[in-house]
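Notes follow once the structure below has been shown.
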Amino acid sequence: MDDPYQNNVSQGTEIVGETYPTYGEGGQDGYSYQTDYPPQEEDAASDDTEGHDEDDQMYEGEYQGIPHPDEIKAAQRAARLEARRKARAAAEEEEEQLPEQYESIMEDCGHGRFQWTLFTVLGLALLADGVECFVVSFALPSAEKDMCLSNASRGLLGLIVYVGMMTGSFVWGGLADKLGRRQCLLYALAINCVFSFLSSFAQGYGFFLFFRLCSGIGIGGSVPIVYTYYAEFLQMDKRGEHLSWLCLFWMLGGLYASFTAWGIIPHYGWGFSMGTEFQFHSWRVFVLVCFLPSVVALAGLVFMPESPRFLLETARHDEAWMILRQVHDTNWKAKGEPERVFTVSQIKTPHTQDDEFIEIQSETGTAFQRFMVRQMTLVKQVMKNVLSLAAPELRLHGLFITIVWFTMAFSYYGLSVWFPDQVKYLQFEEYESKVKLFHRERVERFHFNFTLENQIHKEGEYIHDRFVEIEMKSVKFEDSLFENCYFEDIRSTETFFKNCTIKNTVFYNTDLWEEKFIDCRMENTTFLHPKKGCHLNYEEENDIVIYLVSFLGSLSVLPGNIIAGLLMDKIGRIKIIGGSMLVSAGCTFFLFLCFSQGAVITFQCLYFMACASAWNGIEVITVEIYPTSKRATAFGVLNGICKLAAIISSIIFGSFIGITKIIPIFLSFTSLVCGGLLSVKLPETREVILQ
């Protein structure tokens, strides 16, 4: 017998020739099932269950085996959660497999012509960074003549390059993880080229300062991008060695800068002038020559492809595959096996949705609004990536590597300033020890036509004397009388008249102006055609010893680089870093026993050699310790901290020159020991695949 309560969902049912309406077809009195019932309140109950407790109420459809709506919702919710869990598990499995697959692909591509070509191009970019660190320090002694710089202005100009490089490192490192390694390096080198070129022609101090700042911002991106970029084309067993060889180019940058400075700057007559407003002397020629490595690197980088590892991170599978095939074919063709085929047909790619918001916005608003949305979104993504470096899985190792970077940079850059300044100070002490003292001399009707150098004249009398076409270097006249004298075509350096009486005297075409007369009494004294402009002040600042110090310091890096390159993949990164920093600390300790120029230069070379190995290990482990999506960002942040340490140490170490050497040496020794001991807490990445 049919159940009279059964719901029929068909349009009609025939029984013995008659058709009965289904629920919902009975006009106003018909009610369709689950559709046309009047809505009931949640706590409403049927007549059959009225009076029962809410927990004991029975859903009407339960008689027909129909699940409760709440049960349906719960089941759907559980299904969605399970689907998401499976999707996440699949994505994690895919991402875990990508590094292994990429490593296998790079092994199949081999190491050959492509990597060596990229090595040369990126090495030139690194060489440009090394040159940038030396340009201002070499040009400054001559530049201050042209621009009349005070001591404060000199100090600011010396530090502004590091400020620019610190800023550029932060900016370009973060952008390289979002826009690409090659693209950001192209932008950075282009900015460096343009502003380096402009700085060589800048006549005013303000413009020169601004152009060097912008030049530093450009070149600041080279170090974090170069190491990240090159590491992603290397297989695991080649990575440590070849990244160490790449460091050689930074040394070549120092050699290039010191050699060209020595060959160009002392020739002060090189260059040209256009009236008195535009001067292009030899130091500007040096600055112009120093931007050439950036130009060559920029030209070579145009022909290089993007990092396929970055393309895979941004789900650009086809582009990555094409580049990997290019690497494979280039290498095996150069090895005489052009018949070898690139067999990879599918590469796993991680999922990313970083650019979804940008694409959505590209359909709306004006072009300017879309541009601003893209830029603001890019800034947010970069900042988010920077903040992600403090994630729990990266926080501890990130703190340790930051301290190692800071301590190493603090000591290295501080002593890089201290060594040449200390040599200068020892030269000055030796020079002062040979000073000639003239006391109460009387010179009358004498023609001075020879150089006066390193002399002190006290309580002298000069009557009817002529000083014509001579140089005065480090000459001081104290409590002396000049009467009826004549000075013409005088070039002076560190020459002063203190508490002197000058009567009936003529100064014609000299650079002896008011600042050089201290508490002097002038009676009927005439200054005719005085030389104007600091560039006409004669000074022998370009001592060959200073260039030699920088040249030997840069050259001494070579043995350290070779040692690091040969041992990096054999004994590991941690032993290289810790051992080299402790050896460097030992070299600084022996500086307490250095009292001559030769001893300082010797320990400088030993110190730089040990530091080179430490720097190699630090840069290699920085590349390997961070995942691809954060690698350039982390390197940029750490390199920015390195430049901050350079600024701090340069100020501190420079302030103690001529006062004491105990504090600079103690600070350097302490920082190196702390950094070397802490480096053992870093993870060993010698046999770790890039994540």
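The values are calculated or read from the model by the stated rules, or taken from the named source; none is laboratory data. Quick caveat: nothing in here was measured; it's all calculated off a predicted structure. So basically every Cβ, Gly included, is an ideal-geometry build from the backbone, and we count neighbours across all protein chains shown.
If you filter the stretch 386-444 down to residues that are hydroxyl-bearing (S, T, Y) and under 20 Å from the mean Cα position of the chain (by Cα), you find that the one that is farthest from R466 (Cα to Cα) is S388. Has the stretch 476-483 got at least one residue that is of a type in the set (F, W, Y), part of a strand (DSSP E or B), under 53 Å from the mean Cα position of the chain (by Cα) and surrounded by 15 or more Cβ atoms within 10 Å (Cβ to Cβ)? The answer is yes; a qualifying residue exists. A Cβ distance below 7 Å, combined with a sequence gap of six or more or placement on separate chains, defines the contacts here; from the stretch 314-340, residues that are outside any helix (DSSP H, G or I) reach residues that are buried (at least 20 other Cβ atoms within 10 Å of the Cβ) in the pairs P338/W332; R340/W332.
When K458 is tested against the conditions (1) surrounded by 15 or more Cβ atoms within 10 Å (Cβ to Cβ); (2) within 30 Å of L552 (Cβ to Cβ), the lone failure is (2). Could you grab the pairs with beta carbons closer than 9 Å, sequence gap of 6+ or different chains, first residue in the stretch 91-102 and within 13 Å of L312 (Cα to Cα) and modelled with pLDDT under 75, second one surrounded by 12 or more Cβ atoms within 10 Å (Cβ to Cβ) and aliphatic (A, V, I, L, M)? Pairs found: L98/L312; L98/I347.
Could you look through the stretch 224-248, keep only residues that are hydrophobic (A, V, I, L, M, F, W, C) and not in a helix (DSSP H, G or I), and pick out the one that is surrounded by the most Cβ atoms within 10 Å (Cβ to Cβ)? Before you say what the answer is, go through the steps one by one.
Residues of the stretch 224-248 that are hydrophobic (A, V, I, L, M, F, W, C), as a first pass: 225-226, 231, 233-234, 236, 243, 245-248.
Retained after the next criterion (residues that are not in a helix (DSSP H, G or I)): 233-234, 247.
Working: F233: 25, L234: 20, C247: 23.
Ranking the candidates gives F233 first.
Somewhere in the stretch 397-420, is a residue modelled with pLDDT of 80 or more and touching a strand residue (DSSP E or B) at 6+ places or on another chain (Cβ under 9 Å)? So that I can check it myself, show each step before the final result.
Just the residues of the stretch 397-420 that are modelled with pLDDT of 80 or more, to begin with: 397-420.
With the extra rule that they be touching a strand residue (DSSP E or B) at 6+ places or on another chain (Cβ under 9 Å), the set shrinks to none.
Checked the stretch 397-420: no residue is modelled with pLDDT of 80 or more and touching a strand residue (DSSP E or B) at 6+ places or on another chain (Cβ under 9 Å).
From the list L394, L389, the one residue that fits, being in contact (Cβ under 8 Å) with a residue 40 or more places away in the chain and surrounded by fewer than 17 Cβ atoms within 10 Å (Cβ to Cβ), is L389.
In the stretch 367-386, how many residues are among the aliphatic types (A, V, I, L, M), surrounded by 15 or more Cβ atoms within 10 Å (Cβ to Cβ) and farther than 18 Å from F170 by Cα?
Residues of the stretch 367-386 that are among the aliphatic types (A, V, I, L, M), as a first pass: 367, 372-373, 376, 378-379, 382-383, 386.
From the residues that got through so far, the ones that are surrounded by 15 or more Cβ atoms within 10 Å (Cβ to Cβ) too are 373, 378, 382, 386.
Subset that is farther than 18 Å from F170 by Cα: 373.
Here the count works out to 1.
Only one entry of R181, R113 meets the criterion of being in contact with a helix residue (DSSP H, G or I) (Cβ under 6 Å, 6 or more places away or on another chain), basic (K, R) and either surrounded by 24 or more Cβ atoms within 10 Å (Cβ to Cβ) or farther than 30 Å from A315 by Cα (or both), and that entry is R181.
Could you please find all residues in the stretch 458-474 being out of contact with any Leu (no Cβ under 6 Å at 6 or more places or on another chain) and either without any contact (Cβ under 8 Å) to a residue 12 or more places away in the chain or over 17 Å from K503 (Cβ atoms) (or both)? Steps first, answer last, please.
Initially, the stretch 458-474 is screened for residues out of contact with any Leu (no Cβ under 6 Å at 6 or more places or on another chain), giving 458-460, 462-471, 473-474.
Listed by number, the residues that qualify are K458, V468, E469, I470, E471, K473, S474.
Only one of S649, S613 is free of Cβ contacts under 8 Å to residues at least 60 places away in the same chain and surrounded by 21 or more Cβ atoms within 10 Å (Cβ to Cβ); which? Quick ask: steps written out before the conclusion?
Values: S649 fails: free of Cβ contacts under 8 Å to residues at least 60 places away in the same chain.
Going through S649, S613 in turn, just one is free of Cβ contacts under 8 Å to residues at least 60 places away in the same chain and surrounded by 21 or more Cβ atoms within 10 Å (Cβ to Cβ): S613.
Quick one: which residue in F303, F278 is of a type in the set (F, W, Y) and at pLDDT below 85? Result: F278 is the single residue among F303, F278 that is of a type in the set (F, W, Y) and at pLDDT below 85. Here V327 clears all of (1) crowded, with 19+ Cβ neighbours inside 10 Å; (2) out of contact with any Phe, Trp or Tyr (no Cβ under 8 Å at 6 or more places or on another chain); (3) among the aliphatic types (A, V, I, L, M) except the condition numbered (2).
Within the stretch 434-481, being more than 21 Å from Y508 (Cα to Cα) and among the small types (G, A, S) holds for one residue alone: G460.
Would you confirm whether or not the stretch 363-372 contains a residue that is of a type in the set (F, W, Y), part of a helix (DSSP H, G or I) and at pLDDT below 80?
The initial filter retains those residues of the stretch 363-372 that are of a type in the set (F, W, Y), namely 368, 371.
If we keep only those that are part of a helix (DSSP H, G or I) as well, we get 368, 371.
Filter again for at pLDDT below 80, leaving 368, 371.
Within the stretch 363-372 (the criterion being of a type in the set (F, W, Y), part of a helix (DSSP H, G or I) and at pLDDT below 80), the answer is yes, since at least one residue qualifies.
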